[in-house]
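The values are calculated or read from the model by the stated rules, or taken from the named source; none is laboratory data. No experiment lies behind these values; they were computed from the predicted model shown. Positions of Cβ are generated from backbone atoms using ideal geometry, with glycine treated the same way; all protein chains shown enter the neighbour counts. Note: accessible area is taken over every heavy atom of the protein model, side chains too, but ligands, DNA and RNA are not part of it. Shrake-Rupley method; radii C 1.70, N 1.55, O 1.52, S 1.80 Å.
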Amino acid sequence: MTTSQSPAHDVVLIVDFGSQVTQLIARRVREAGVYSEIVPFDKSAAALARLKPRAIILSGGPASVTEAGSPRAPVALFEAGVPVLGICYGEQLMCAQLGGEVQPGTTAEFGRAFIDVVEPCALFDGLWQPGQREQVWMSHGDRVTRLPPGFRAVAVSEGAPFAAIADDARHFYGVQFHPEVVHTPHGAQLLANFIHRVAGIAGTWSMAAFRAAAVERIRTQVGSGRVICGLSGGVDSSVAAVLIHEAIGDQLTCVFVDTGLMRAGEGDEVVRLFRQEYNIPLVHHDASARFLGALEGVSDPEQKRKIIGKTFIDVFEAEAKAIGGADFLAQGTLYPDVIESVSYTGGPSVTIKSHHNVGGLPERMNMKLVEPLRELFKDEVRVLGRELGLPAHFVGRHPFPGPGLAIRIPGAITAEKLEILRKADTIYLEEIRNAGLYDAIWQAFAVLLPVRSVGVMGDGRTYDHVLALRAVTSTDGMTADFYPFPMEILGRMATRIINEVKGINRVTYDITSKPPGTIEWE
Ligand code: XMP
């Protein structure tokens, strides 16, 4: 899925059956110092041949193995001679496919549950002893009712007589609970036991090793070709660019398209960083007038996104042609964007927002893609950025969406509103930094509302804009909680913004989580 050659390091193959938490398995495995890749179950046989994993983990999933047509694991996975761990649906699947029996459960278990450890097991080494009761997180309706030959039960629960099972000879293990979620307090250690003790994988994967392997891969892929990279000012595209530059030097050209929708000082910082500190060729194209012109009078969020995406591609294409074209387009695509989701309904998922990237360009310009971060999670990209020597404050920057401030000004966008928002946003982030909270927050920003309210300042009446402040915590942007600022900090922020930014006379704080809200307002 992600690389054309088998990697130089040990791999754990995670076979996805559609669980909501499959990505967490990959994270836990990597936290144990071992590289992992997630593949959909129907592509797992090919991945097995390509990656030659040292161990396999079968994820949970929403289907029932008792239903006809529910997904199965390719037999090759059980014949590869490597340890296999089945989680939830994965455990049931192992049992159903290896000669045991699964039935719809009479006692479904969802959420916090307890298991009783009944026998020692390599998964529990140094962790759980027979006779102990342990907290785990369950989410299942079906249950295993008969074990396949060779297996024994090592833990039981009220709803699952076979809450954990082991076939020591073949190194096959199954757990009905989810060790990958934090609600199973010892889950990460249990997974580490599977990797280190059962599979004997050392745990030497590190970002330095990734960097060296990625540089080699980029050189092999690109050869003597030319690469063009669209820098957005964000962490992902910057880290991708620095890594590619390390691999192929001046075969890389970066193009920074200033949409005029950036925050204060953003463009300047990127241009300075690349030109002065890294000596990476950078084309700086100020297209703000063009973007503002195209957006004039447009209020609909989706239309805004589409206009920005299209304008971006037009400008980028012109710049690419101006430098004589390129064979490859580099993008900072991350792992959560590329994992192919497993759909049982066959229907497309609902588009909540059209995210803008440079999609469409590669076909138009006949370019191939270079995406060296495709295997990494956001926080891993930050580690790689530090490994590459990018300044800590730059690497730690909050995510910033491609359409920029345009989606933080509901309604039509004007240069005046952008200016007001920039000033307010700068103060807001300054106060967050002063309070030492920047790194505790996933993303913080201000939204200029298309609402005016009456106020009183000095002796006069004001009738000005309302500003909403937003700050959220999150691990991947998929879900988020509003950040619980202390009241006095919120008060200080509001006072400063109203006093210092002409055009705003009221400040509110957004306390919506995601879901049901999204992080951005549009
Ligand atoms: P939402 O608003 O959908 O955002 O909860 C989730 C995360 O994605 C960012 N975001 C974008 N990033 N292009 C991007 O590069 C986009 O069009 C875009 N829209 C939202 C958002 O800032 C948050 O971090």
Could you check region 449-473 and list, in sequence order, the residues that are within 16 Å of the ligand (Cβ to nearest atom) and in contact with a helix residue (DSSP H, G or I) (Cβ under 8 Å, 6 or more places away or on another chain)? Leu469, Ala471, Thr473
What about Leu418, is it within 15 Å of the ligand (Cβ to nearest atom) and part of a helix (DSSP H, G or I)? no
Can you confirm whether region 290-303 contains a residue that is free of Cβ contacts under 8 Å to residues at least 12 places away in the same chain and in a helix (DSSP H, G or I)? yes
In the set Gly411, Gly455, the lone residue that is among the small types (Gly, Ala, Ser) and either open to solvent by 30 Å² or more (accessible area, probe 1.4 Å) or assigned to a strand (DSSP E or B) (or both) is Gly455
Within region 89-117, work out how many residues are touching a Phe, Trp or Tyr at 6+ places or on another chain (Cβ under 7 Å) and on the phi > 0 side of the Ramachandran plot. 1
If you check Ala471 against the conditions, is it at pLDDT 95 or above, open to solvent by 20 Å² or more (accessible area, probe 1.4 Å) and not in a helix (DSSP H, G or I)? no
For the condition touching a helix residue (DSSP H, G or I) at 6+ places or on another chain (Cβ under 6 Å) and farther than 16 Å from Ile195 by Cβ, what is the one hit in Gln176, Gln129? Gln176
Find the residue count for region 363-400, including only residues that are touching a helix residue (DSSP H, G or I) at 6+ places or on another chain (Cβ under 8 Å), within 23 Å of Ser474 (Cβ to Cβ) and either of a type in the set (A, V, I, L, M) or open to solvent by 40 Å² or more (accessible area, probe 1.4 Å) (or both). 12
Might you let me know whether region 151-170 holds any residue that is open to solvent by less than 40 Å² (accessible area, probe 1.4 Å) and within 30 Å of Gly249 (Cβ to Cβ)? no
Subset of region 345-379 that is of a type in the set (Lys, Arg) and at pLDDT 80 or above - its residue that is farthest from the ligand (Cβ to nearest atom): Lys368
Among (1) open to solvent by less than 10 Å² (accessible area, probe 1.4 Å); (2) over 21 Å from Met94 (Cα atoms); (3) out of contact with any Phe, Trp or Tyr (no Cβ under 6 Å at 6 or more places or on another chain), which single condition is Gln221 missing? (1)
I'd like the full set of residues that are under 25 Å from Ile409 (Cβ atoms) and either away from the ligand (no atom under 16 Å from the Cβ) or in a helix (DSSP H, G or I) (or both), limited to region 430-445. Glu430, Glu431, Ile432, Arg433, Leu437, Tyr438
For region 234-254, does any single residue satisfy the condition of being away from the ligand (no atom under 15 Å from the Cβ), under 16 Å from Pro401 (Cα atoms), touching a residue at least 24 places away in the same chain (Cβ under 8 Å) and among the aliphatic types (A, V, I, L, M)? no
Residue pairs qualifying under the 9 Å Cβ cut-off, at least six apart or on distinct chains, with the first in region 497-522 being away from the ligand (no atom under 11 Å from the Cβ) and the second being part of a loop (DSSP other than H, G, I, E, B), are Tyr509/Phe485; Asp510/Gly517; Asp510/Trp521; Ile511/Pro484
Give region 311-344 a look and list any residue that's within 13 Å of the ligand (Cβ to nearest atom) and either open to solvent by 40 Å² or more (accessible area, probe 1.4 Å) or at pLDDT below 90 (or both), or say none. Thr333, Leu334, Pro336, Asp337
What number of residues in region 34-83 are at positive phi and among the hydroxyl-bearing types (Ser, Thr, Tyr)? 0
Kindly indicate whether Asp142 is at pLDDT below 95 and closer than 20 Å to Ile57 by Cβ. yes
Applying the selection to region 268-279, what residues are crowded, with 21+ Cβ neighbours inside 10 Å and either more than 16 Å from the ligand (Cβ to nearest atom) or at pLDDT 90 or above (or both)? Phe274
Does Val144 satisfy the criteria of being within 18 Å of Pro83 (Cβ to Cβ) and crowded, with 22+ Cβ neighbours inside 10 Å? no
Elements of type helices (runs of 4 or more DSSP H) contained in region 1-104, each with 1 or more residues being open to solvent by 40 Å² or more (accessible area, probe 1.4 Å) and at pLDDT 95 or above: 44-51, 75-78, 89-97
Which of (1) touching a Pro at 6+ places or on another chain (Cβ under 9 Å); (2) open to solvent by 30 Å² or more (accessible area, probe 1.4 Å) does Glu520 not meet, given it meets every other one? (2)
Within region 474-496, of all residues that are of a type in the set (A, V, I, L, M) and more than 16 Å from the ligand (Cβ to nearest atom), the one surrounded by the fewest Cβ atoms within 10 Å (Cβ to Cβ) is Met487
Among the numbered criteria (1) open to solvent by 10 Å² or more (accessible area, probe 1.4 Å); (2) within 24 Å of Arg492 (Cβ to Cβ); (3) touching a residue at least 24 places away in the same chain (Cβ under 8 Å), which single criterion is violated by Ala424? (1)
